[in-house]
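Undergrad: A single structure is presented below for examination.
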Amino acid sequence: MALKIVKGSIDRMFDKNLQDLVRGIRNHKEDEAKYISTCIDEIKQELKQDNIAVKANAVCKLTYLQMLGYDVSWAAFNIVEVMSSSKFTYKRIGYLAASQCFHESTDVIMLTTNQIRKDLSSPNQYDTGVALTGLSCFVTPDLARDLANDIMTLMSHTKPYIRKKAVLIMYKVFLKYPESLRPAFPRLKEKLEDPDPGVQSAAVNVICELARRNPKNYLSLAPLFFKLMTSSTNNWVLIKIIKLFGALTPLEPRLGKKLIEPLTNLIHRKIHIFSSHKMLCSQSHLIVSLSRIAVLISLSSGMPNHSASIQVMKYLGLLAMSKILKTHPKSVQSHKDLILQCLDDKDESIRLRALDLLYGMVSKKNLMEIVKKLMLHVDKAEGTTYRDELLTKIIDICSQSNYQYITNFEWYISILVELTRLEGTRHGHLIASQMLDVAIRVRAIRVFAVAQMATLLDNAHLLTGNMQRMGICEVLYAAAWICGEFSEHLENPMQTLEAMLRPKVATLPGHIQAVYVQNAAKLFATVLKNQEGNTDSTAAQETSQLMIDRLPLFVQSANLEVQERASCILQLVKYIQKLQQKDVEVAEEVCALFAGELNPVAPKAQKKVPVPEGLDLDAWINEPPSESESEDEQPKAIFAKEEPKHSRPRHTEVDEKELARRREARKQEQANNPFYIKASPSSQKAYQEAPGVEHIPVVQIDLSVPLKVPGLPMSDQYVKLEEERRQKERADKKKKEKKKRKEKRSGRGRKHDSGPESEEDITPAHMVDIVTEEMPEVHRSCLNITMNLKGNARTNMISAKVYDIQGNLQDGSQVVVSVIFENKCDSFLKSMEFNVLDSLNSKLQRPEGSGPHDGLTVPFQLPPGVSNEARFVFTVQSIVMPQKLKGTLTFIVKNEDSSTHEKLDFKLHFTCTSYLITTPCYSDAFAKLLESGDLKCSSVRLEGVIMPFHHLLARICFHHHFSVVERIDSCASMYSRSIQGHHVCLLVKTSGQTVSIDAKCDEPTLLGNVLDEIKQTFSQC
Amino acid sequence: MIKAILIFNNHGKPRLSKFYEHYNEDTEQQIIRETFHLVSKRDENVCNFLEGGMLIGGSDYKLIYRHYATLYFVFCVDSSESELGILDLIQVFVETLDKCFENVCELDLIFHVDKVHNILAEMVMGGMVLETNMNEIITQVDAQNKMEKSEVMCFVTFINQCPCLDICSMQGHCFAFHTASASR
């Protein structure tokens, strides 16, 4: 038997290895799939062998096949086997395979926990390294929870190689198990000042990623980063730090000013970093960088031979500009020509970046010009992606902030119509929604819009011609709706009605057909109304007949909506026809079906709805969860972007009088505004009388040539018209101004600049009903990283929170206390002194030469609203008892004119838990420890604990610094060690709501106190 | 964060794929194809950045690539990475490969994809940049290879010591071999 195995394994030594497999695949170009399937069969055989070398070889080959797209998840268990090999060579193969194909739902992952833990504590640094690398790719919440402590210990490993990997992987652990952030953070911060540059860079990397999610928490680290930035020479670290500051400066404006100098130095030193400094803190700084960027772009566009590196710079310059644009649009606008030039670049990436910038370039003055340019690009562009991008950009820049920059909506409608001629665009619905929006909100444009839409409907066959254009047929949806709804403006409703009832319509998508049917009915009503005015009743009857002839086509539609509407309307028309035959006037009643106007509704209209009496929106519907529960939840929110919502400021507080006054003012304004149409009953007339628009032809399209979709010349024509209109306006204005000047002379006059035409001077030809209301402020998230609130002192001036008390591993008698000071008042706090009344047992460590009662100066000052952290070291003799220390904090409050001395008393609470240090322990060592018999026993029972067992364990681990040794069902053993080397072992069992904890420790007093503290933790929940 | 690192040749054949986020195998292949499609149609003298394809996260992500002879090195990154930084990293990666393989060519990557993975693991870990210093990377890779070699060596010497022809004598030896490998 043994012989057979041996023989087999020796044979296997000569199996295919990875190189042979690759060679084989290359030699079987024609029947690759077949060859690979035989290889997979071989691999399956190899995996059945007992020899680990053979298995590793097989797994190595599987990793390659995985890259080629073959599913290898069936071998997951074998991969775990190879991972657990004692040889580094095989272990590495196993971890590589695992990192390539394991993921959260791989079930064998839970088998790996102990193996990984073993590897992490391996004496060989590369075993640990390989395990960390692998783990970084497939870490799951469970693994993160179980291994967080082990990884945290590795963060202070002696080898920098391990330290940097451990620091980096902590980010993944935080993502999967946010609760670990708090205990790990102090150590992470320490690593920022690690002597090894690699570790430092890893720590910077992790904190940058964290700060991207929630910058506010990391504001207190700004000074440290500032120091790093001025001292570090590693480009990678610099880039990351600058990115981090980019996230921080919006929260702390003063930081920006401080950064100007070092940043400009950096920019001058290493031009290539500039791309990543994207925070723009102040004007002067901005100009420095902007001019550099502009020089760069112009330089690169001036060069005849576009070498790749110059293109890179151009791209980055445009990217940086788009960041600047957000904060300082004016200064970017001066580079308009440059940016428009980039639109012509042959590189698509650069064109796209330039397009992004256009958004901020437009003004009332140049919108038409820019859009015209873009339309030219649309015609030239090859490749649908870029063209689609252009299309969305055109619509974006035109519709931005409620069509703020559009002065002539007829021009805009014709642009939209032109866009419908694009082939194969995906954005039909976007154009459609713009058409609808404009037609509904801009009353004055309806006549024009309806005429255009009727032409579109007439030429519908152009749009639906081939399947490629399916995206664009969405436009017909808008066209049909506009023609139906505003049919009173139609020149020739009968023709449009016929166009809508063509058999070809049945090929359109269902939802469009439905709109066709519904709006055909609306049109029918209008037609009837027109025809009944005439004496001849046959025309009206013919129209009904047309409907009855054509509608059955839709009744047979496969789409339910179309079917329903069509059959409903068909019956209605049949009934109407009957009445017509009896010579009854029906038009009025048919029109009543569609009477009334559909109005745009503001997104915030709900606010206007009065709150019903007796409804208290602030009252709880269900009982709120208890306080301690929510505290427990807090860590989960560490990454959350939103702060718990503040109750919205009430809007009802404006009193009636004020409202009436505002309403009056608004009416007054509307009455004085010739362009305001809504309130006037004869809107049509108002439109025609509006000065400056009368020479815009109302309908310019020759409908007798139905095949011609209004094209480019249309929109061009508007540019000219617009020019004329503005000139006229300017002339008008001058007249007015003259008048004003006369008034001025005669008495009091208003200040008025009559310089060159400014933005505000261009009055739009049409007004948009602006239906948005002011947005409520967006609240930035704010979460404190305060933790273990053991001592909390607070006045209205300052708050000091002890967030961590941590024993020092190297020195068994030292405890480090981290305190966050936060300035809560509006004044500057300085000269802070921290002093504690020493007890026999614990003493504050003071610098040499100072007396036992001297305070320690806190090494920073606090501007208003700022918090910072200080650490104090205490020497502790005995750690078996919890203790409280009394202390005072003195500080000077400095106002603009005076400064006062203030004092704050506080108590520091050293729990026994703070003397414990999370130490991993293996079950065999644990068992030996228990057997040794020098441990004293004690136990405690907790009643009414309602939480899952693993939560319970996690809680003990994190609040009391234990680590889980072993867990079987509802029973777990845990271990921790005090800074003075006491072993503490726990056996936690749960049944129902009762948790019993049996504990052993070589120091009974310490044990009793720790158990009391655990009990207290759970009594809070 | 780096979302994926892909190496493929001028014909779109994958030479290395490393995804730091999980996709199933089919999606991975689609992503590789899509990325190849996007990258390969670009001219030589254009910039090295382009917006990511739909599959890999749309416009929030960027593709940063370099083209060396027959190979494309493509990194897909989000906005927290510096564009020039990543370009630099690709250069470091390629130079490291060059040092480790002595004049690297596509064939090296084809036949030793596992080694390439090991080198990459010293540079990028779980989507975050671990080390950018080439000497440091090479030192660590060499040290690991040396370890691997020493393990293989003792294995090979063992095989040489036991002539396979003599089955009777082999029985005892191989038993010893099994226990030895188990205890190691």
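Undergrad: Can you grab the distance from the C-alpha centre of the range B:67-101 to the C-alpha centre of the range A:822-897, Å, no decimals?
TA: The two parts, judged by their Cα centres, are 50 Å apart.
Undergrad: Which whole-Hz couplings ³J(HN,Hα) result when phi for each residue of the range B:3-13 is put into the Karplus expression 6.51 cos²θ - 1.76 cosθ + 1.60, θ = phi - 60°, listed in order with x for Gly and Pro?
TA: Rounded to whole hertz, the list is 9, 7, 10, 10, 10, 9, 8, 5, 9, x, 6.
Undergrad: Here is a follow-up. Give me, ordered by chain and number, the residues 5 or more places off A:Val858 or on other chains with an amide H under 5 Å from its own placed amide H.
TA: Excluding prolines and chain starts, which carry no amide H, the hits are A:Met832, A:Glu833, A:Phe834.
Undergrad: For the pairs A:Lys172/B:Lys149; B:Lys18/B:Lys62; B:Lys115/B:Lys146; A:Lys55/A:Lys928, flag any whose C-alpha to C-alpha distance is greater than 24 Å. Write down the numbers at each step before the final one.
TA: On the way: A:Lys172/B:Lys149 32 Å; B:Lys18/B:Lys62 16 Å; B:Lys115/B:Lys146 13 Å; A:Lys55/A:Lys928 35 Å.
Distance filter (> 24 Å) returns A:Lys172/B:Lys149; A:Lys55/A:Lys928.
Undergrad: How long are the semi-axes of the equivalent ellipsoid of the range A:504-570, taking √(5λ) for every eigenvalue λ of the Cα gyration tensor, in whole Å from largest down? Can you show the working numbers first?
TA: Numbers: eigenvalues 128, 23, 15 Å².
Each semi-axis is the square root of five times an eigenvalue, giving 25, 11, 9 Å.
Undergrad: To one decimal place, what orientation-averaged projected area in nm² is obtained for the convex hull of the Cα set of the range A:468-515?
TA: Details: hull surface 13.7 nm².
For the Cα atoms of the range A:468-515, the hull's average projected area reads 3.4 nm².
Undergrad: Okay, moving on. Across the residues of B:17-24, average count of Cβ atoms on other protein chains within 10 Å? Walk me through the numbers before you get to the answer.
TA: On the way: counts 5, 4, 4, 4, 2, 8, 1, 5.
Across B:17-24, the average partner-chain Cβ count within 10 Å equals 4.
Undergrad: Okay, moving on. I'd like the distance separating the alpha-carbon centroids of the range A:102-116 and the range A:137-213, in whole Å.
TA: Taking the Cα centre of each part, the range A:102-116 and the range A:137-213 sit 20 Å apart.
Undergrad: Taking every residue in A:82-91, how many Cβ atoms of other protein chains lie within 10 Å of its Cβ, on average? Walk me through the intermediate numbers first.
TA: On the way: counts 0, 0, 0, 2, 5, 7, 5, 9, 2, 0.
Other-chain Cβ atoms within 10 Å of each residue's Cβ, averaged: 3.
Undergrad: How big is D for the range A:375-455, in µm² s⁻¹ as a whole number, if Stokes-Einstein is applied with the Kirkwood radius of its Cα pairs at 37 °C and 0.692 mPa s?
TA: Working: Rh = 13.1 Å.
Answer from the Stokes-Einstein relation: 251 µm²/s.
Undergrad: What ranking of B:Lys99, A:Lys1000 emerges when the number of other C-beta atoms within 10 Å of each C-beta is taken as an exposure proxy, fewest first? Walk me through the intermediate numbers first.
TA: Details: B:Lys99 17, A:Lys1000 21.
Fewest-to-most Cβ neighbours within 10 Å comes out as B:Lys99, A:Lys1000.
Undergrad: Name the residues whose placed amide hydrogens come within less than 5 Å of the amide hydrogen of A:Ile917, ignoring near sequence neighbours (fewer than 5 apart) on the same chain.
TA: A:Arg977, A:Ser978, A:Ile979
Undergrad: Just to check I understand the Karplus step: with θ = phi - 60° and J = 6.51 cos²θ - 1.76 cosθ + 1.60, what whole-Hz values come out for the range A:959-964, glycine and proline as x?
TA: 7, 10, 6, 9, 10, 7
Undergrad: Residue by residue through the range A:845-851, which ³J(HN,Hα) values in whole Hz follow from phi under the Karplus form 6.51 cos²θ - 1.76 cosθ + 1.60 (θ = phi - 60°), with glycine and proline marked x?
TA: Result, rounded to whole Hz: 7, 10, x, 4, x, 9, x.
Undergrad: On to the next question. Local charge sum around B:Lys62 (other residues, Cβ-Cβ under 12 Å, Lys/Arg +1, Asp/Glu -1)?
TA: Working: positive: A:Arg353, B:Lys3; negative: B:Glu51, B:Asp60, B:Asp78, B:Glu81, B:Glu83.
It works out to a net charge of -3.
Undergrad: Taking the Cβ of each residue in A:His335, A:His429 as the centre, tally the other Cβ atoms inside 10 Å and list the residues starting with the fewest. Please report the intermediate quantities before stating the final value.
TA: Numbers: A:His335 23, A:His429 14.
Listing A:His335, A:His429 from fewest to most nearby Cβ atoms yields A:His429, A:His335.
Undergrad: Per residue of B:106-118, count partner chain C-beta atoms within 10 Å of its C-beta, then hand back the mean as an integer.
TA: Working: counts 0, 1, 0, 0, 6, 8, 3, 7, 9, 1, 0, 9, 5.
Per residue, the number of nearby Cβ atoms from other chains is 4 on average.
Undergrad: Could you state the number of Å between the C-alpha centres of the range A:381-410 and the range A:985-1021?
TA: 67 Å
Undergrad: Which order results if B:Arg66, A:Arg446, A:Arg663 are arranged by neighbouring Cβ count within 10 Å, fewest first? It would help to have the intermediate numbers written out before the result.
TA: Working: B:Arg66 17, A:Arg446 22, A:Arg663 10.
Ascending Cβ contact count within 10 Å gives the list A:Arg663, B:Arg66, A:Arg446.
Undergrad: Still on this structure, please answer the following. For the range B:1-105, what does the relative contact order come out to in percent, with C-alpha contacts under 8 Å and a separation of six or more? Walk me through the numbers before you get to the answer.
TA: Values: 143 pairs, mean separation 29.2, N = 105.
In percent, rounded to a whole number, it is 28.
We did not get these values from a lab; they are worked out from the coordinates using the rules stated. Predicted, not measured: the structure shown is a model, and the values here were computed from it. When we count neighbours, we look across all protein chains shown, and the Cβ atoms used for this are built from the backbone with ideal geometry, even at glycine.
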